[in-house]
Amino acid sequence: MSVKINKKYIHGQWSSRWAFILAATGSAVGLGNIWKFPYITGENGGGAFVLVYLFCIAAIGVPIMMAEVMLGRAARQSPINALTTLAKQAGASKLWRLLGWMGVTAGFLILSYYSVIAGWTLAYVFRSASGAFSLVTADGVRSMFTGLVSDPERLLAWHTIFMVMTVVIIARGVRGGLEQAVRVLMPALFVLLLVLVGYAMNTDYFMAGVRFMFTPDFSALSAAGVLTALGHAFFTLSLGMGAIMIYGSYLPKDASIAVTSVTICLADTMVALLAGLAIFPIVFANGLEPGAGPSLIFQTLPLAFGQMPGGIFFGTLFFVLLLLAAWTSAISLLEPAVAWMVENHNVDRIMAASFLGLLTWLLGIVTIMSFSDWAFSFNFLGSDEPKTSGMFDVLDILTANIMLPVGGMLIAIFAGRVMSEKMTKQELGIRAPGAYALWAFLIRYVSPVLVLIVLLGLFGFFGFVAKLFGI
Ligand code: PHE
């Protein structure tokens, strides 16, 4: 059966391959790299966690990123429709469209809390600019943070501002503004991280930070920690929910998918590692706890900015850049849903973005309350101790540790087994000898199997089987 695919996509196309790399890097680099990576590394004991994370990026992230870009570009539609069309073309089940739906749902859930954390960043822009960090003590920083997160009204205000910012850009179309913004933003963020690492090098505790991050101690890593590392590989690369797929659908035909994907993964990983190298020395120099959780960067960086010369300037600039990085990621979280509404429901981008933005904003209120009034204790699969910030943790674990890996695994199966080899070979257009075979091997055998093993391990499956056989 032949299915017609529009060669010109209705939402437009990137102006060049370079524009795509910038936009996809804008999606990938965000709070995940600078806020989340350091704190989950701290919570999971450092080196061994980092090693598993790096392995997941290389063996699972890179091939799945190539697969997502390829699926998007092959179909030139939003993920839900792309999967429907490609499944039809391959004579496969219609149910594959549900994978698109799961992605859209994951993006929506992630954005609801992502926006709240971006709101913290926004609050810290103003704190930094007002000089509140000057010579502040570790206790002072802590009470400043607690003051913010236990004040739902202030959090709601910042969350609202951030959601409005996101909706405005999506409504105008991701191409125009985004390309320009990321071109300046990414290099600036990179330079500022280097400044922070430079500061950390002068703290006497730089080597302690390096050791913490790069000396693997596998006894410090639990099965849940391995899943967190895997889930984070998906989260930080924006994989498993269609964000990269939809950006891939705007990619010109002649761009090399392999080269672009590897570039994006490298840039993303560099940013995360630099963030860790900037933060852990400050943690140790001030006797702070690496496992402090989501507040980690908000409790460490103000100390550094409070002490360094020009701290008000650098601090403000840093939080502005982090905010912008979060912004370019937030846009990509909602874009698959918006594009789908525009394609299927005959509404314009402004309508679709406003409606979906409003829904996300409402759900975000749950996260806000979970940091104060609605906090409850719960014990999620595989975690050793009950957590107390409630809904935020539930959403984080559900999306990053379950929905994204499952989505990624299914994308790998779709690209590697449902689509014909002829089609993927042609679409990927890899010329280097052996490179296509390597991708096909990784996407068919390595990525989906590893994800499955880690997920089953978390559910205690192996212990159960061992017990069953009396081992
Ligand atoms: N990759 C983004 C970050 O690291 C978050 C994100 C996840 C964006 C999934 C899009 C899709 O902050």
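The values are calculated or read from the model by the stated rules, or taken from the named source; none is laboratory data. Just so we're clear, the structure is a prediction, and the values are computed from it rather than from any experiment. Glycine gets a Cβ as well: all are built from the backbone with ideal geometry, and neighbour counts include every protein chain shown. SASA here: full protein model, heavy atoms, side chains in, ligands and nucleic acids out. Shrake-Rupley method; radii C 1.70, N 1.55, O 1.52, S 1.80 Å.
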*Given the conditions (1) surrounded by fewer than 23 Cβ atoms within 10 Å (Cβ to Cβ); (2) touching a residue at least 60 places away in the same chain (Cβ under 8 Å); (3) within 16 Å of the ligand (Cβ to nearest atom), which single one is not true for residue 279?*
(1)
*Residue, nearest to the chain's Cα centre (by Cα), within region 85-108, restricted to residues that are under 17 Å from residue 246 (Cβ atoms) and polar (S, T, N, Q)*: 105
_Filter pass, residue 102 being in contact (Cβ under 8 Å) with a residue 40 or more places away in the chain, of a type in the set (A, V, I, L, M), within 26 Å of residue 349 (Cβ to Cβ) and surrounded by fewer than 22 Cβ atoms within 10 Å (Cβ to Cβ)_ = yes
*asked:* Six or more apart or on different chains, Cβ atoms under 8 Å: show the pairs whose first residue is in region 389-413 and among the charged types (D, E, K, R) and open to solvent by less than 30 Å² (accessible area, probe 1.4 Å) and whose second is away from the ligand (no atom under 16 Å from the Cβ) and not in a helix (DSSP H, G or I).
replied: 393/378; 393/380; 393/387
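Which members of region 232-260 meet the condition of being at pLDDT below 95 and within 14 Å of the ligand (Cβ to nearest atom)?
Once the filter is applied, which keeps residues that are at pLDDT below 95 and within 14 Å of the ligand (Cβ to nearest atom), region 232-260 yields 246, 247, 248.
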_From the options 343, 335, 289, residue that is among the acidic types (Asp, Glu), surrounded by fewer than 24 Cβ atoms within 10 Å (Cβ to Cβ) and either within 14 Å of the ligand (Cβ to nearest atom) or assigned to a helix (DSSP H, G or I) (or both)_ = 343
*Could you give every pair whose Cβ atoms fall below 7 Å, whose first residue belongs to region 233-244 and is over 9 Å from residue 408 (Cα atoms), and whose second residue is part of a loop (DSSP other than H, G, I, E, B) and within 6 Å of the ligand (Cβ to nearest atom), counting only separations of at least 6 or pairs across chains?*
244/238
*For region 250-266, what are the residues that are surrounded by 15 or more Cβ atoms within 10 Å (Cβ to Cβ) and part of a helix (DSSP H, G or I)?*
257, 258, 260, 261, 262, 263, 264, 265
